[in-house]
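Taking it in order: structure first as structure tokens, then the write-up.
Just so it is clear, none of the values below were taken in a lab; they were calculated from the coordinates. Model, not experiment: these values are computed from the prediction. Quick reminder, even Gly has a Cβ in these numbers, built from the backbone with ideal geometry, and neighbours come from all protein chains shown.
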Amino acid sequence: MDVLVLIGRILFVLLFLNSAVGHLTKARAMSGYAASKGVPAPAAAVVLSGLLLLAGSVSVLLGIWADLGALLLALFLFPTALLMHRFWQEEDPMAKQGDMIHFFKDVSLGGAALMLIAFFSYAGHDLGLTLTGPLFRIG
């Protein structure tokens, strides 16, 4: 089971690591997009969200307080869905469909992150192939 969880952790964070790199290396372009969506302080928001993604991803990947890492990813995903992918406001059918897909992707991944918080917290030190146990205790 430990190896399956490790493989799952690696696969789960690939998207977030890639996104973190994009946020931190293409912050200027992404800031313009965030500004077009009405995000307050878009330049700071892009860099801070990139750091949040990076910290959460590395935490889950390496198993260093993986429950906290999953929480950080959830804290990125839910606001991002609401701020960046407001499909209900789009009039163009293609843009609406794209935003709807991204909205539900973020919400679904946020749900998975919430399950990981519970999983890592509950499994605690019994879960192998991690560098630390959980930060939180649930159950």
Could you please let me know if L116 is buried (at least 16 other Cβ atoms within 10 Å of the Cβ), of a type outside the set (D, E, K, R), out of contact with any Ser or Thr (no Cβ under 6 Å at 6 or more places or on another chain) and assigned to a helix (DSSP H, G or I)? yes
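Considering each residue of the range 15-29, count those that are under 10 Å from the mean Cα position of the chain (by Cα) and farther than 13 Å from A112 by Cβ, and give that number.
Here the count works out to 3.
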Just checking, does the range 120-137 include any residue being crowded, with 19+ Cβ neighbours inside 10 Å, in a helix (DSSP H, G or I) and either in contact (Cβ under 8 Å) with a residue 12 or more places away in the chain or touching a His at 6+ places or on another chain (Cβ under 9 Å) (or both)? yes
Members of the range 1-20 found to be crowded, with 16+ Cβ neighbours inside 10 Å and in contact with a Leu (Cβ under 7 Å, 6 or more places away or on another chain), listed by number: V5, L6, R9, V13, F16, S19, A20
Would you check which residues across the range 47-78 are more than 19 Å from L116 (Cα to Cα) and either touching a Ser or Thr at 6+ places or on another chain (Cβ under 7 Å) or crowded, with 21+ Cβ neighbours inside 10 Å (or both) and list them? S49, G50
Can you name the residue in the range 79-111 that is within 14 Å of S36 (Cβ to Cβ) and hydrophobic (A, V, I, L, M, F, W, C) and, of all such residues, is surrounded by the most Cβ atoms within 10 Å (Cβ to Cβ)? M84
Turns out the helices (runs of 4 or more DSSP H) fully within the range 17-91 with at least 2 residues that are among the β-branched types (V, I, T) and over 30 Å from D2 (Cβ atoms) are 42-62
